[in-house]
Structure formats: C-alpha cells, structure tokens
Amino acid sequence: MSRRPSRIVAAAGLLALGSTLVACASTSEAVAPLSSPGGSGAGSHPEWKKYTFTIGDNGGDGSQELAKITGVFDNAPYKVKFARFTYGPPLVQAAASGDIDLGSVGDVPPITGAAKEYGFKVVAVNRSLKPTQANENIVVPKGSTLRTLADLKGKKLAVPQGSSAHGLALNALKSVGLTPKDVKLVFLDPAAAATAFNTGKVDAWSIWNPQSAIAVKNGARILAKGLPPIDQTSSYYVASESSLNDKTKRAALTDVRKRLAHELAWAIKHEDKYAEAVSKEEGIPLDDARASLETFETRVTPVEKSDIAAEQKLADAFLEAGQITKKVDVSSITDNLLPVGYDSSKLSVG
C-alpha cells in the first residue's frame, strides 16, 4: 500500500475518538505542569493554539485515563484527543495517513507498516524499567499437553497479524528450528483470539498483557515468555510524517510527547491510580489490572543504535520467513522526536 487509499476503512471498527481532554484532576493527584525549558504552558507558543493532536492509544497502559487523572495536558496551548485501537497495525496505518499524530505500538507494527510503504516515523522508545518482566507470552490452555515450543508443530497458534505478538511467535518458533509453515498460524485480533482460546479452537495463543495475565489467572500456562533473545521488552512511538515535516507542528508534537512521558513517570510512582486507570480503560477487574502493572513500567527515551539494530534483525527475520515481501531499512523510518540525553525520569512528578 502506498500512501493510503483506504486507510481508515480498515481501522474504522477499531478507532474511536475520545473527546477533547478537560481538567478533571484534583490538586493532590495532578502532575506538576511542565515548564520551560522543554515544556510549555497555555501562555506560551500562541501559534500552537490552532492545533488539536490526536494520540493513538493501543490499549493496556491506561494512558488516556492517566491523562485525565493527572491533568498533564490541562495547561497545554493546544488540544488533545485520543483514538483507541485494539492493536498496533491499524494504529501505524492511521499515523501514516495523518488520522493520528502520535501513538505507541510494539516492535513489529513499524516493520510491517514500512514494508507496505506507509508514511510514518519511529520517534521514541518506551523502554522497560523491568526488562526481565515479559509484557507478552505464548500461553496454552489449562490441561494442555503441550510442554515445549517444539510441541507446537502441527498445532494451531493464534496471533494478531503484524503485531509484536506475531514477532514473538516467529522468533519462538525459530528458536526450536520451526518455521511458520510447521504450525497453523491463525491470524485473529485479540478479542476473537480470546474467544478461540477459551473455547478450545486453537492450541496456543501469542498475546500481550493484560490478556496474557488474565489467561494465566484463569488457569492458562505460559509456554514461552516474551523476553530476549526471542522478544523485545520495549515498545515504540510512531508519528505522522506530515506532522513531523511541519516545523511548528513538530515542535508542538515534541511537547505532547514530553507530557506523555511525564504522565507515565507519575503513574509508576502512584501504582494504585495507575491500576485504576488500566482497569477503567480496559474494562477489566482492578486485580487483573494490578497483575499487569510491572510490565507497564517504562521510561521514554530517544531511539538508540541498539534499538535500530534490534528492529532491523526482526525485520530481516520477517522477510526471511515470508511474513513480509519487501526488505525494510529501519534507520530510514527513524526520526527522534526527543533530543539525545533527554531523561523523563528527571521530571518532577509530584
């Protein structure tokens, strides 16, 4: 697909624009407003007042609810809306089309998006603070006789196509000498896969949290954890090329990205509120939300050479396995929106 003839049609069932954010945080809960240098209050940058930025929300991390709780955008000189997606590929497509300005996805959607020549850039990394905690796993139902990855040969493995869980499945199979042809990959979105998994229509499921954590809580067993060397623990922010190529809009979008980093830094220090945000946003019990929190502890950083190398290795693996048909040069789709040395952990978070 080139620039996008039918972009939003494919995502229409997944996309729901949230209303413009309004102040709703109490003084005790709110994040301290960002201030110069780097941040900008309502009195700064009057040229930004014409903008309304749409942030793609990939679900799971509670970012939309956290924005309400913290009031992190309350003094921003622009407006913000959220667009909800159930997984990454449609979000990348929407970023390429300009339907959203910024959004967070796993490690694979930028690769599959680039292979289809979508117009977007990877602009920052959500780096895990607990790289030994898997954010996604390959799970099998309670009572399954599958004990090792090699046992997946000839079995049905549910996976959201083009997602980070697709990458986990591919690398996990490769680690035991299997290819996608050796198993029956069943490409399903997370909701459909959950139904198939719970009704025994598939033998295993490659999926992220909170769905993975909920499945385990209900009796499922982890067959393979999404940890190096078969999986990354970081995720990536992508942005619309049209926004990045506008000098004034790019500067404002940098401020958006910093505020989101501020919000997540605050959430890590306020776990109860973080769990409440995830619970409300995902529509899951509070206990299930708490079970996923450790894997959501991240810090926003610039894209580093090691990230590009890891993504390139994954892109080459996808090409080798026939999961994409065009070689992807990851460095060509990278454009840091945060300056080198920027450290969100040093922001004041109340």
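List of remarks:
- Taking each residue of segment 134-162 that is over 29 Å from residue 91 (Cβ atoms) and looking for partners that are of a type in the set (Phe, Trp, Tyr) and assigned to a loop (DSSP other than H, G, I, E, B) with beta-carbon atoms closer than 8 Å, six or more apart or interchain, yields nothing.
- When the residues of segment 198-224 are filtered to those that are under 18 Å from the mean Cα position of the chain (by Cα) and not aliphatic (A, V, I, L, M), the one that is modelled with the highest pLDDT is 206.
- Cβ-Cβ distances below 9 Å connect the following pairs, each with a first residue in segment 212-239 that is closer than 28 Å to residue 102 by Cβ, a second residue that is open to solvent by 30 Å² or more (accessible area, probe 1.4 Å) and assigned to a strand (DSSP E or B), and a separation of six or more residues or different chains: 212/222; 226/208; 231/225; 233/127; 234/127; 235/127; 238/121; 239/121.
- Selected residue (criterion: nearest to residue 311 (Cα to Cα)) from residues of segment 136-167 that are open to solvent by 50 Å² or more (accessible area, probe 1.4 Å) and in a loop (DSSP other than H, G, I, E, B): 161
- Wholly enclosed helices (runs of 4 or more DSSP H) of segment 185-264 bearing at least 2 residues touching a helix residue (DSSP H, G or I) at 6+ places or on another chain (Cβ under 6 Å) and closer than 30 Å to residue 44 by Cβ: 241-244
- Extreme residue, nearest to residue 220 (Cα to Cα), among residues of segment 168-184 that are open to solvent by less than 50 Å² (accessible area, probe 1.4 Å) and assigned to a loop (DSSP other than H, G, I, E, B): 183
- Qualifying residue in segment 296-311 (condition: open to solvent by less than 70 Å² (accessible area, probe 1.4 Å), more than 17 Å from residue 127 (Cβ to Cβ) and of a type outside the set (D, E, K, R)): no
- Counting the residues of segment 105-149 that are among the hydroxyl-bearing types (Ser, Thr, Tyr), under 23 Å from residue 312 (Cα atoms) and modelled with pLDDT of 85 or more gives 1.
The values are calculated or read from the model by the stated rules, or taken from the named source; none is laboratory data. All of these numbers come straight from a predicted model, not from anything done at the bench. FYI the Cβ positions are ideal-geometry reconstructions off the backbone, even for glycines, and counts take in every protein chain you see. Protein only, heavy atoms only, side chains kept; ligands, DNA and RNA dropped before computing areas. Shrake-Rupley method; radii C 1.70, N 1.55, O 1.52, S 1.80 Å.
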